[in-house]
Amino acid sequence: MGRTYLVEEGIGQYLTELSTKVKPYVTGLLIGQCSPQRDYVIRAVRTPPKEQQQEESVGPPKLASLDEEWITTHASQVSRMLPGGLLVLGVFMVATPELAKDGQNALRKLIFSVEKSLSKRRLWKPAEEEVSDRAALQICSDTKKVVCRTYDVQDPKSSAKPADWKYQSALTASWLALGCTVNVNIHIPLLATSPNHDLEKNTKNGLNRWSKQIEDSVFLINGQVKDEDTELLEGQKKLRGNTQPSTQFSDVKVLTQLCQGASARSTATVQVCSGSINLRGAVKCRAYVHNNKPKVKEAIQALKRDIINTLSDRCEILFEDLILNEGPQKKNFEREYHVLPQRLFVPVAGSSVMLSDYKFGDEAAGEIQERFVEMLDQPVQAEDIHIAEDISTVDIYPVTDSPSDTQQAQLTKATLLLKLQQNMGLVVAAAVAVLASIFSFNYFSD
């Protein structure tokens, strides 16, 4: 038995419209959620056309011209716009009958390329029991025949397995939402021993350490600690037969452990640093879970990943913006103060799910609307753009090539003084103890 994909009904109409407009083929992404029992597809998004593609369309149709890099870049951009619980579930292709024979091989190649690109950016590792099948959907533009197969992206030699593709109305009308606000104050040192001061790499390393703290945190759902294997809706009334968007929202508190357990050994180290990066602010996080008896474990995992992704993604966006404005050659910065892009949410028509994006302070609503059309093929009204949070900042302190001789001498002197003070403290303490014993002896002798 292959996997079953429950698909939002409107996607069928969307794919049919694509087949009448685009020749000889069009590719795109499938967006949704995995679960142990079945997968849910809530959106299909075509790959944005490149300007030069219009000029290159002369000649017989062929898949050799498929731009793999363009498609994987689109997948990376789209993944930033997905809240917790949603991911790129696979790829699709609408093609003419002449291309049907080579279509499945092209889709297989795209699935592994997309997954490789997305996994490089993640600061979390998939769980062992997690679903690793991804969908390859092929549709004939003439007959409208649908063929769905899956590939295991954890196995490079994976062969195609058949899958069921079933449309369902109001699929996400009553999905469950979880939200939290996480206060961030991350200090990332820039080591002087580093061969070069790549801010983006150092930031990612610092976020990697922080992400482990999030993984180990305690999550209170509506003020309660719940067993991971219990149902999220246990003790709550489930909305049945509801076809109107209606979100059951759970407020979550994240309790980060301040120290390691008693059994864990900890050592202090002194490192010479030539600068630092400080990330500060309060970030809004959100995750969505299907309403088919979801487990607490699924919900918390989705929210954890959103917390980690949202900070990592906006740091990536900031550094991309710095490179665009200041050039890739700028490696070392003087002290600078930057504002991280703010998170916003946009509703999906006929669904309780909202999609996400990020904006800098000087970006107009029109730019955000254009991005949603380009990346997600979805028109957005300006009044539907909800800015979710206040400003978060990045403070970059001066970075120098290497500590000067004066700095090194000051550090050595400070270290020696510290040791001398510690030793003097021991000497004084010993002297006091000796004097106390002498006075005590003389007192009792008298």
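3J(HN,Hα) along the stretch 369-384, derived from phi through the Karplus expression 6.51 cos²θ - 1.76 cosθ + 1.60 where θ = phi - 60°, amounts to 4, 4, 5, 5, 5, 6, 7, 10, 6, 10, x, 10, 7, 4, 6, 8 Hz, with x in place of Gly and Pro.
Each other residue within a Cβ distance under 10 Å of residue 287 adds +1 if Lys or Arg and -1 if Asp or Glu, for a net charge of +1.
Rolling a 1.4 Å probe over the protein heavy atoms leaves residue 233 with an accessible area of roughly 20 Å². For the stretch 333-383 versus the stretch 90-111, the inter-centroid distance based on Cα atoms is 31 Å.
The H on the amide N of residue 276, modeled in the peptide plane, is under 5 Å from the matching H of 190, 397, each at least 5 residues off or on a different chain.
Can you send over the carbon and sulfur percentage of the accessible area for the stretch 1-124, probe radius 1.4 Å, protein chains only? C and S fraction of accessible area: 49 percent. When the alpha carbon gyration tensor of the stretch 65-119 is reduced to an equivalent ellipsoid, its three semi-axes come out at 23, 11, 10 angstrom, largest first. Quick one: which of 116/297; 295/359; 116/144 span more than 28 angstrom between C-alpha atoms? Too far apart for the 28 Å limit: 295/359; 116/144. Amide H contacts of residue 378 (H built 1.01 Å from N, in plane; Pro and chain starts excluded): 373 sit under 5 Å, all sequence-distant by 5 or more or on other chains. Modelled spin-label separation between residue 324 and residue 102, with each label point placed 7 Å from Cα along the Cα-to-Cβ direction: 3.4 nm.
The three principal axes of the Cα atoms in the stretch 76-229 give end-to-end lengths of 60, 47, 26 Å, sorted in falling order.
In the context of the full protein assembly, residue 140 retains an accessible surface of approximately 30 Å², using a probe radius of 1.4 Å and ignoring ligands and nucleic acids.
With a Förster radius of 25 Å applied to the beta-carbon distance between residue 382 and residue 339, the computed FRET efficiency rounds to 0.70. For the stretch 57-135, the relative contact order is 41 percent, taking Cα pairs closer than 8 Å that sit 6 or more residues apart in sequence and dividing their mean separation by the residue count. Taking label positions 7 Å along the Cα-Cβ direction at both residue 157 and residue 218, the computed distance is 4.7 nm, reported to one decimal. In a DSSP loop and with at most 10 other Cβ atoms within 10 Å, the GluC sites (Glu not before Pro) in the stretch 93-150 are 128, 129. Each residue of the stretch 349-361 was assigned a 3J(HN,Hα) from its phi angle through the Karplus expression (A = 6.51, B = -1.76, C = 1.60, θ = phi - 60°), giving 4, x, 9, 8, 8, 10, 8, 10, 6, 9, 9, 7, x Hz with x at Gly and Pro. On a 29 Å Cα-Cα criterion, which of the cross-link pairs 125/253; 120/304; 21/284; 62/204 come out too long? From the list (125/253; 120/304; 21/284; 62/204), the Cα-Cα distance tops 29 Å for 21/284; 62/204.
For residue 141, nonlocal amide neighbours, meaning residues 5 or more places apart or on other chains whose placed amide H falls under 5 Å from its own, are 95, 96. Per-residue surface analysis assigns residue 187 an accessible area of about 110 Å², computed on protein heavy atoms at 1.4 Å probe radius. Taking a straight line from the alpha carbon of residue 201, these aspartates and glutamates sit under 18 Å away, with near neighbours fewer than eight places off in the same chain left out: 313, 316, 320, 321, 326, 334, 336, 395, 401. What the phi angles of the stretch 287-297 give under the Karplus curve with 6.51, -1.76 and 1.60, with θ = phi - 60°, is a coupling list of 9, 10, 9, 4, 9, 9, 6, x, 8, 4, 4 Hz, glycine and proline written as x.
The values are calculated or read from the model by the stated rules, or taken from the named source; none is laboratory data. As the structure is a computational prediction, the values presented were derived from the model and not from experiment. Every residue, glycine as well, gets a Cβ built from its backbone with ideal geometry; the counts of neighbours run over all protein chains shown. Note: areas computed on protein heavy atoms with side chains; ligands, DNA, RNA excluded. Shrake-Rupley method; radii C 1.70, N 1.55, O 1.52, S 1.80 Å.
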